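The values are calculated or read from the model by the stated rules, or taken from the named source; none is laboratory data. The structure displayed is predicted, hence computed values, not measured ones. We place every Cβ from the backbone using ideal geometry, glycine too, and count neighbours over all the protein chains shown.
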Amino acid sequence: MTTFLVCGAGLMSKALVYDLIKFNNPAKVILLDIDQARLDSITGEKVEKHRGDLSDKAFFEPFIREADVAAGSASYKLNRALTECSIRHKTHFIDLGGNNSVVDAQFALSDLAAAAGVTIIPDCGLAPGMASILAADGISQFDKVESVKLRVGGLPQNPAPPLNYAVFFSPEGLLNEYREPTVVLRDGKLTKLQSLTEGERLSFPPNFPELEAYHTSGGASTLPYTFEKEISELDYKTIRYVGHFEKIKFLFDIGMADETKYDVDGVMLSPDQVLRNVLYRHLPKNAPDVVLVYVEVIGMKHNRRQTATYYIEDYLDKTTGHSAMQRTTAYSAAIVMQMIAEGSISQRGTLRSEKGIDHRRFIEHLGERGIGVKIESK
């Protein structure tokens with residue numbers, strides 16, 4: 001029986017632990033966090049909890065040594081150290097991603113992971129993660145692909161001003177997506193663009209008001225690198241209600257996302273720290289949500305230009321209490337952990353999800369969890 005390790009006990013971890021127990025019958029799930037209240041909020045007869053600082057290698061190393069498959073479900077800043085420790089102790093590792101530089105460092109460790117017989121898969125949440133797997137499945141259906149669009153967003157069902165948004169995951173991760181540049185394919189070439197640019201309006205069937213989508217960082221993960229020179233156009237944008245990004249851009253323009261620390265009445269603080277705190281305190285929490293996923297692949301198949309589209313529209317599950325964001329993010333990560341444990345992911349080294357994961361098997365696992373993927377071709 002498998003022993004799973006989950007590093008972090010936040011919103012996503014709650015659903016991750018639930019899924020690992022429900023679908024895997026593990027020996028146990030070890031859960032680590034510095035916050036006792038967060039640990040206490042996650043229950044299960046096979047859950048073993050330990051309180052400690054995840055930035056302290058001496059704390060988490062013994063638990064990584066014990067586990068078969070581990071997950072980074074805390075700050076992305078911890079993922080490199082957790083990856084290195086997992087390789088050292090021959091434990092498979094996945095994470096929810098969140099930062100391009102960290103992912104680059106994990107891929108630099110690929111040869112070490114392969115030599116240790118370990119699988120490392122960064123970016124295994126919703127986007128990055130599920131969205132890339134759906135896109136890769138679409139790409140695999142064509143003889144030649146012209147363009148790929150990924151449009152993904154987690155939204156409150158009942159938006160409230162001023163931002164028409166709610167806390168669905170860490171504000172730290174959210175601001176990082178808005179801050180870092182994004183990588184796209186333009187004319188088959190890797191191109192960096194500033195996030196919060198090239199906005200577009202879109203309609204998402206069947207009952208939503210008009211929405212907007214802007215470039216944000218990391219959502220396509222490694223897709224542009226995998227398909228460089230093979231696909232002419234590929235990009236990822238985040239979906240929000242109209243008007244959200246205008247307000248976010250204003251906050252960025254006046255420096256509220258600056259990570260530089262300044263002396264504020266004798267306390268060293270960055271504007272970013274203040275903004276994260278304000279967002280967490282004032283945005284709605286536990287609001288009923290919806291996750292929208294739209295992936296469009298256009299290309300040639302049997303000498304005919306065709307389009308394949310993938311739709312997901314997922315809502316808060318009132319039975320489990322898991323939000324749509326928890327379901328699509330944490331369940332996706334749990335599926336990858338399950339596939340590693342059962343041996344259906346057997347390649348070693350640091351893997352790109354679009355190449356290392358069986359797309360159709362992953363989609364089948366989503367269906368088992370009530371996350372339906374509507375696929376259309378025309």
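Among the residues of segment 138-167, the ones that are touching a residue at least 12 places away in the same chain (Cβ under 8 Å) and assigned to a loop (DSSP other than H, G, I, E, B) come to 12 in all.
Selection of segment 327-344 for residues being farther than 15 Å from A71 by Cα and surrounded by 24 or more Cβ atoms within 10 Å (Cβ to Cβ) yields R327, T328.
In segment 219-236, which residue that is in contact with a Gly (Cβ under 8 Å, 6 or more places away or on another chain) and buried (at least 24 other Cβ atoms within 10 Å of the Cβ) is nearest to F107 (Cα to Cα)? Working first, answer last.
Of all residues in segment 219-236, those in contact with a Gly (Cβ under 8 Å, 6 or more places away or on another chain) come to 221, 228-232, 236.
Narrowing further to those that are buried (at least 24 other Cβ atoms within 10 Å of the Cβ): 221, 236.
Numbers: S221: 12, Y236: 21 Å.
Filtering segment 219-236 for residues that are in contact with a Gly (Cβ under 8 Å, 6 or more places away or on another chain) and buried (at least 24 other Cβ atoms within 10 Å of the Cβ), the one nearest to F107 (Cα to Cα) comes out as S221.
Matching residues to (1) aromatic (F, W, Y); (2) without any contact (Cβ under 8 Å) to a residue 60 or more places away in the chain; (3) over 23 Å from T238 (Cα atoms); (4) crowded, with 18+ Cβ neighbours inside 10 Å:
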residue: H282; (1), (2), (3), (4): no, yes, no, no
residue: P288; (1), (2), (3), (4): no, no, no, no
residue: Y294; (1), (2), (3), (4): yes, no, no, yes
residue: A308; (1), (2), (3), (4): no, no, no, yes
residue: Y311; (1), (2), (3), (4): yes, no, no, no
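Of all the listed residues (L269, L251, L190, L202), the sole one being within 22 Å of the chain's Cα centre (by Cα) and assigned by TED's automatic domain parsing to the domain that holds V152 is L190. Of all residues in segment 337-351, those being part of a helix (DSSP H, G or I) and farther than 11 Å from I120 by Cβ number 5.
Within segment 192-202, take every residue that is surrounded by 15 or more Cβ atoms within 10 Å (Cβ to Cβ) and either of a type in the set (G, A, S) or not in a loop (DSSP other than H, G, I, E, B) (or both) and give me the one that is modelled with the lowest pLDDT. The extreme case among them is L202.
Quick check: anything in segment 295-313 acidic (D, E) and in the same structural domain as T238 (by TED's automatic domain parsing)?
First, pick out the residues of segment 295-313 that are acidic (D, E): 296, 313.
Among the residues that remain, those that are also in the same structural domain as T238 (by TED's automatic domain parsing) are: 296, 313.
Yes, there is a match, as at least one residue in segment 295-313 is acidic (D, E) and in the same structural domain as T238 (by TED's automatic domain parsing).
Scanning segment 163-185 for residues that are over 12 Å from L279 (Cβ atoms), of a type outside the set (D, E, K, R) and in contact with a strand residue (DSSP E or B) (Cβ under 8 Å, 6 or more places away or on another chain) gives N164, P181, T182, V183, V184, L185. One residue stands out among those in segment 5-38 that are closer than 23 Å to G173 by Cα, touching a residue at least 60 places away in the same chain (Cβ under 8 Å) and of a type outside the set (A, V, I, L, M, F, W, C): the one that is surrounded by the most Cβ atoms within 10 Å (Cβ to Cβ), which is S13. Counting only strands (runs of 3 or more DSSP E) that sit wholly inside segment 39-137, those with at least 2 residues that are surrounded by 18 or more Cβ atoms within 10 Å (Cβ to Cβ) and either touching a residue at least 60 places away in the same chain (Cβ under 8 Å) or not assigned by TED's automatic domain parsing to the domain that holds V29 (or both) are 69-72, 92-95, 119-121.
Touching an Asp or Glu at 6+ places or on another chain (Cβ under 6 Å), within 20 Å of A308 (Cα to Cα) and among the aliphatic types (A, V, I, L, M), is that true of A127?
No: the conditions fail for A127.
With the requirement that a residue be under 30 Å from P209 (Cβ atoms) and either exposed (fewer than 14 other Cβ atoms within 10 Å of the Cβ) or under 23 Å from the mean Cα position of the chain (by Cα) (or both), what does segment 254-266 give you? Lay out the reasoning, then the answer.
Our first condition is that a residue be under 30 Å from P209 (Cβ atoms); within segment 254-266, this holds for 254, 256-257.
Passing the criteria: I254, A257.
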